[in-house]
Structure formats: C-alpha cells, structure tokens
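Here is the structure we will look at, set down as structure tokens.
What follows draws every value from the coordinates through simple rules; no lab data is involved. Fair warning: this is a prediction, and the values are worked out from it, not measured in the lab. Reconstructed Cβ throughout: ideal geometry from the backbone, glycine too, with neighbour counts over all protein chains shown.
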Amino acid sequence: MFGQLFISGLATGSLYALTAVAVVVVFRNTRTINLAQGDFSMIGAFVALVLIKSFAFNYYFALAGSVVFCIGLGILAERVVMRQIADSDWLTLFTATLGMYYILHGVAGHFWGRDTKAFPLTFDPTPINVFGGIISQGHVVNMAWAAAIGLVLFIFFKYTKQGIAMRAVTDDPETAALMGIPVRFIVLLTWGMAGFLAAFAGVLIAPIIYVSPEMMDEVLIKGYVAAVFGGLYSIPGAIIGALLIGICENLAGGYLGSHFKTVTAFAMIVLLLAFRPHGLFGIQKRREV
Amino acid sequence: MTLLRLSNLEASYGAVRALQGVSMDVAEGAVVAVLGANGAGKSTTLKAISGVVKPTAGEIEFDGKRLNGMTPNQIVRLGIAQVPEGRKIFKDLTVAENLRMGAYARSDKAEISKDLDMILELFPRLSERAKQLGGTLSGGEQQMLAIGRGLMARPRLLLLDEPSLGLAPIIIADIFATLRKINEEKRMTMLVVEQNANIALKNSSFGYVLQVGRVAVEGVAGDLRQNKEVIESYMGA
Ligand SMILES: Nc1ncnc2c1ncn2[C@@H]1O[C@H](COP(=O)(O)OP(=O)(O)O)[C@@H](O)[C@H]1O
Ligand SMILES: [Mg+2]
C-alpha cells in the first residue's frame, strides 16, 4: 500500500508543481503573489470541457485550445491589469490578483454554472502495475506530461535567449534594462508562461477533482506552499516542495483517513514558515521588496 | 567629428536635482574622462545617455540622432553600451550567459560569436570560468566580465562607470591597458567616469569635472593634470 500511495501522491504532486512553478516565475519577476493562478487553470479546464462537449474536439486539440486560451488570459491580465500598477507596492499587486480571482470565479459561475461537472477520462481506467504498486494509468500519463513540461522549461531557461533574459530580469531588472533587455516584454512573457502552465495544471487535474469555479482553490494553496519551499525563488525548490506535498498528503490520507489529506498540506506550510521562512533550501531573498 | 553631444542636460530624482545643465562633447574615437566627487551626478549622466533616467530638460545627441525619449533597448541598438557602477553582474547567470545578455539587442549570430571569441581572448580568465556563476567571481574578474558584457553589444560608444572602484592597483592598470587597446584597435569611443582622476586622465585625451550637477572644469587631459584645483580636489597625494 505504501508504494501505491507514494506513487499516486507523486503524480498529484507533479500537477501541483505546475502551479507552484507558475507562482515562482511570476513572483520573482514582478513581486506579485498571483492569487488568480488557480483560476487561470479553472478557466482552462472549462475551455477544454466546452471544446470537447460542445465542439466535439478530441482531447489533444481541446488541451491545445486551452493552452492557447490561457496564454492569452495571462497576457491579458498583464496588459490590462498588472502593467497599470507595476510600480506599486506588493500589497496593491496582491490585491489586484485577488480582484482577478473573484472576477474569474464570477465569470465561470455565470457562463458555466456553480455545479461540479465531470471531465471525460482520456485514458484506460484499468490500473497498471508499476514497481509493485497498482496505480491508474492516468497518474502515469500526468507524471509524463509534468516531466515533459519540466524539460521544456529547463531548455527554455538554460538555452534560449528569452529564457536567459527572463532569469536576468529576475536577477536585476535595472541592469537588464541597461543591457537593452526589454523588461516589460519579458514580464509579459512571464505572465504568458503562467497561463501556459495554468492550462496544463487545470486540464490534467480536471478528471481527478472535476470542474467547477472552486476546483483550483485548494490546489492554488498547495502550489503556493510548494513555492514557499523554494523561497518563492527557486524552481527546483518549488518542484521538490510540490512533490513532497503530494506524497505527504496522500500518505496521511491513506493511513490516517481522508480528513487528514488537506490538513497535512496546511500543517506543512505552518511548519515551514515557522522554521524555514526563506524556504527549505535556505535560499535568501535576494532583492528588497 | 562629435559622436555624442550633451546640451544643458537636466535630470532629477524627485526633489533632488542631480543634473543642472550638463554639456559635453565626445569626439568619435576619443577616450573622455568624467571626474567628480561622490554625488556630483556622474552616474546620472551615464544613465541619462543610456535612457534609464529620463532627462527633464536638455538634449542628448548621438551620431546626429536625438536620444531623448528613446528606450534603453533602442539606445543599445544604436550602439551605446554601458558598464555600470559596481559592475552589476547577473550573479545567478553563468559567465557565458552574462556575456550572451550583453548581445541581447543583436541578432547577427556569426558576428556575435566572433565578438565572444575576441573577448575571451582579451580576458582569458573569463574563458576559464565560462560555466561559473557570475556571483562567484572575484572583484577584478567581475569587472572584466562587466566590460566583456558591454563589448558584446559591439558598441560605437562604451560608457564606463568607475571601472577602478574597489580594485587593486595592479588590476586597475591591467584593465585600463585593455581598454586602451580596444580603443586603439577598434577605434571604439569611450566615456569613462572615474573618481581615480590620476589613472583616468592618464588614459584619456579630454576630461570634464562635475560638481553638484554642473561642469565645473573641462579641458585637455594633459592640462587638467596640471590644473591646481583638479590636483587638490581629485588627485589625492
Ligand atoms: N535613485 C536615486 N534616488 C534619489 N536620489 C538619487 C538616486 N540616484 C542618485 N541620486 C542623487 O543624485 C545625485 C547624483 O548622484 P549620482 O549621479 O549617482 O552621483 P555620482 O555618480 O557622481 O556619485 C546625488 O545627490 C544622489 O544622492
Ligand atoms: Mg556614481
């Protein structure tokens, strides 16, 4: 049973990682804790559902449609809302994302209703045998997606000009500007990346938690906790944090009862903030807010 | 021919009037020094040229084009790069990545890689440390990297803000020798801000002395080195 709980926890954790990484990249380039990150995903899940149900898209085209839509949503959030207040203090930025959170909740409720909708399964529900544990194919597929996205991000940040420039802006925006790096464009790109990650986070988790305006609320908090593991700065730190949360909550749920599942994630953030406020890996905040 | 001309340039930070009418001429191919005490407005002058500080009055002209209102990105593309005060290396980027960012505004791949080879030849230490994070370099190495990063833009005008700051005399001499070599071989124009008036005037042809946001003295470098006021205020012992 341990192996099984561990692997399915790892699979869920790898989906939390998509949210956690998005929280980190937006925060470190814009000082913004994006409360709307989960709602980008929720909208993405609804868009995929509508494409499948009403437009008879196959799953992969629906996923692609959702990705395009969410990138657009991220870019829109930057251009219409965040850019106007980019020089404000962090609380203003935070409050603006809270505003977006409520707007997106409202929009989803208005168009698609408040009830919970099932998301069609795209894989064979018969469990398969992995390392002696029985796990659903869906978990394997989700882990593969998350790993592929992780690889794409790694290549982007390590080898492409815009990816390195994004890290340069993280490091020192003023000097980045001096080098001719268009900082606003990079910030736009950052929000686009948040949308890209949001679409996968929402569509991949939809068959597990179903689709509703509130579907991502808990996931967002877990993603945020995971981001804090990385000091809101380190992407690998955030990924490790997300996997840990997925595993721990699943083990707690399995051994102690399902009530303990969510409690575990929150207990982890309390312990983390109490003992390692700069993240599990001792990363110091590098720039003053 | 004048490559850069500042006319009655003014700039403020809120109520602080950092520049109160600065005029300078930088001839193409020259090395020009800007001297002055802390807070005189030297860095602000360079930041205004690079477009990261917006002037409130006056003109900046480069190669006949008016720079006022242009973005830093546009200004780098026109051929002005800056080596900022305190080096400002991207500390979480490797040496190679720092250099690559210097060429951000360019897209001529083959020429970029030629310039990279040239810079690594100029500063062999950077070649050895290409994969190291910028933040792990020593002060002297960081200054070499900062200069290399500026050169990666292949500028016509290189702005240097206190390249000698905090470095040992032997490294300072080394860095100025390299700058001179680049100036002579590439005919690259340089505007060098320094508090170390001695080394700056030895390596330049013309100098300006700033005092609280204004040009107090200007002249041929050889004359400034004989100027009593300059000797007393900026040459130290
Ligand atoms: N970011 C800033 N905010 C407010 N005042 C500044 C800022 N930067 C510089 N100043 C002020 O502007 C004046 C000129 O500064 P600066 O150009 O940095 O001088 P220098 O480079 O000659 O030491 C100083 O009085 C300094 O305190
Ligand atoms: Mg200065």
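Observations, loosely collected:
- Charge dipole magnitude, Cβ of K and R +1, D and E -1 - the range A:72-147, Cα centre, debye nearest 20: 160
- When the square roots of the Cα gyration tensor eigenvalues are ordered a ≥ b ≥ c, the ratio a/c for the protein assembly as shown is 1.5 or more and a/b exceeds b/c, which makes its shape prolate.
- Global geometry of the range A:1-91, whether rounded, prolate or oblate, following the gyration tensor of its Cα atoms and the 1.5 cut on a/c: oblate
- When DSSP beta bridges are restricted to pairs lying wholly in chain B, around 55% turn out antiparallel.
- Residue-count net charge about B:R77 - beta-carbon cut-off 13 Å; Lys, Arg +1, Asp, Glu -1: +2
- Comparing mean-square fluctuations of A:V25, A:V211, A:V270 from a GNM of chain A with C-alpha springs under 10 Å, the top value falls on A:V270.
- In sequence order, calculated HN-Hα J values of the range B:173-184 (Karplus, 6.51, -1.76, 1.60; Hz; x Gly/Pro): 4, 4, 5, 5, 4, 5, 4, 4, 4, 5, 4, 6
- Among A:M1, A:L93, A:G65 - extreme Cα towards positive end, dipole of the range A:1-98, charges at beta-carbon: A:G65
- Positive minus negative residues near B:V26 (Lys, Arg vs Asp, Glu; Cβ under 12 Å): -3
- Compared with the dominant principal axis of the Cα atoms in chain A, helix A:90-112 is inclined by about 40°.
- Chain A - percent relative contact order, Cα under 8 Å, separation 6 or more: 36
- Residue-averaged [θ]222 nm for chain B, counting only DSSP H segments that reach four residues, each worth -39500 (n - 2.57): -11000 deg cm²/dmol
- Placing +1 on each Lys and Arg Cβ and -1 on each Asp and Glu Cβ, with no other charges, gives the protein assembly as shown a dipole about its Cα centre of roughly 280 debye.
- Crossing angle, helix A:235-256 versus chain A [Cα axis fit, 0-90 degrees, rounded to tens]: 30
- For A:D39, net neighbour charge (Lys/Arg +1, Asp/Glu -1) across residues whose Cβ lies under 10 Å away: -2
- Taking 17 Å as the straight-line reach from the Cα of A:K261, the aspartates and glutamates in range (excluding those fewer than 8 positions away in the same chain) are A:D217, A:E218, A:E249.
- Given charges at Cβ of Lys, Arg, Asp, Glu: the range B:84-149 dipole, positive-most of B:F123, B:A105, B:T94: B:T94
- Helix B:139-151 axis versus longest C-alpha principal axis of chain B: approximately 90°, rounded to the nearest ten.
- Anisotropy class of the range A:69-178 from Cα gyration tensor, a/c 1.5 cut: oblate
- Given +1 at the Cβ of Lys and Arg, -1 at the Cβ of Asp and Glu and no other charges, the dipole of chain A around its Cα centre is 340 debye to the nearest 20.
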